[in-house]
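Notes for the one structure printed next.
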Amino acid sequence: MKLRARQDIGTIAWEPSAYGSSHLGTSLEAWRPSGKCELLIHAGIHGEEAETTIALSRALRLLTEPSPHCAAVLAANPDGLIRGTRGNARGVDLNRNFPTRDWRPDPVEHRSTLDDPRDVRLSPGSGPGSEPETRALIDLIEELKPKTVVALHAPLACIDDANQGQLAHWLAERTGLPLVADVGYPTPGSFGTWGGEHNIGIVTYEFPLSTTDALVREHVPVLVELLAGEASWS
Ligand SMILES: [Zn+2]
């Protein structure tokens, strides 16, 4: 696929459509593919991981036209991004709010920086799938029916796929990041677990801890290959 000239990459070449609204009423936007959706990439489900949104936006802005087979969501948790919080506006970690068999009401503990202990508490929601952002993402996936979803996160520096599928192997080889089957601690109610229960391949692509500039240089070309359908993984 031909990429846009540098002077044109300030904007995305086509318009998104809404797939729902956040708790604060922000539009949840998806950039849909021109053909049948094979892959969905989403960023910013944790609002303090803005680098994932910036990198996926840059990749989209390099395309001259809609992706043939890949949908993109730049901000799965726009309220968290606006406020700079991991959770949504109600303090819920959306990646522990999916309606899975292992969903639990216990507080979610996370690290405020990579070197800290996991001692900051968030809510997994008042029940499985309690948050509008979670339900809207599920509805979008049920509508688009992608075979695989890539969830962008930071900064654990790994490719995480419980199934160790072809796309995960391709991403690990392409990025040099290690391929793992889990992140090393329990994640009840996570998006990955939900996908596993619904036969949808979920690959968690965790950027390394780095500057936004370095992430854009190293990871945007990988995202462009996925969006352009030129990655040889399927
Ligand atoms: Zn995350």
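The values are calculated or read from the model by the stated rules, or taken from the named source; none is laboratory data. What you see is a predicted model, and the numbers here were worked out from it, not measured in a lab. Here Cβ is always computed from backbone atoms with ideal geometry, including for glycine, and neighbour counts include all displayed protein chains. Accessible surface is based on the protein model in full, side chains and every heavy atom, while ligands, DNA and RNA are left aside. Shrake-Rupley method; radii C 1.70, N 1.55, O 1.52, S 1.80 Å.
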Using the per-residue mean of other Cβ atoms lying within 10 Å as a proxy for protection, in what order, highest first, do the peptides 104-112, 52-60 fall? 52-60, 104-112
What the 10 Å binned alpha carbon P(r) of segment 26-120 shows, as percent of pairs per bin from 0, is 15, 38, 31, 13, 2
Which aspartates and glutamates, on any chain, are close to K147 with Cα under 19 Å apart, when same-chain ones fewer than 8 places away are left out? E38, D139, D160, D161, E197, E225, E230
So the pair-distance distribution of segment 67-206, from every Cα-Cα distance in 5 Å bins, comes to percents of 2, 10, 18, 23, 23, 16, 7, 2, 0
What translational diffusion coefficient, in µm²/s and rounded to a whole number, does the Stokes-Einstein relation yield for segment 1-59 at 10 °C and a viscosity of 1.306 mPa s, taking the hydrodynamic radius as the Kirkwood radius over Cα pairs? 118
What part of the accessible area of the chain, given as a whole %, is carbon or sulfur when the probe is 1.4 angstrom? 49
Hey, what's the Cα Rg ratio for segment 131-234 versus the globular rule of thumb, 2.2 N^0.38 Å? 1.07
Candidate cut points under trypsin sites (Lys or Arg not before Pro) in segment 136-227, DSSP loop plus at most 16 other Cβ atoms within 10 Å of their own Cβ, are K147
What distance in nm lies between label points placed 7 Å from Cα along the C-beta direction at T211 and T113? 1.8
Per residue, how many Å² of accessible area does segment 150-219 show with a 1.4 Å probe? 44
Distance in nm between pseudo-label sites at E142 and T64 (7 Å out along the Cβ direction from Cα): 3.9
Two decimals is fine: what is log10 I(q)/I(0) at q = 0.19, 0.25, 0.30 Å⁻¹ for segment 44-91, from a Debye sum with one equal scatterer on every Cα and no solvent? -0.59, -0.81, -0.99
Computed magnitude of the charge dipole of segment 93-224 (debye, nearest 20; Cβ of K, R +1, Cβ of D, E -1): 180
Provide the gained length on full extension for the span W14 to A157, in nm with one decimal, where the gain is 0.36 nm per separating residue minus the Cα-Cα distance. 48.4 nm
Inter-label distance, nm, simple model (7 Å from Cα along the C-beta direction), V120/N199: 3.9
Per residue, what accessible area does segment 6-82 have, given a 1.4 Å probe and all protein chains present, in Å²? 38
Listed highest first by mean packing, meaning other Cβ atoms within 10 Å per residue, what order do 13-20, 139-146 come in? 139-146, 13-20
With a Förster distance of 30 angstrom and the Cβ-Cβ distance between D182 and M1, calculated FRET efficiency to the nearest 0.05 equals 0.30
Whole-percent pair-distance distribution, where bins are 10 Å wide, for the alpha carbons of the chain: 8, 35, 40, 16, 2
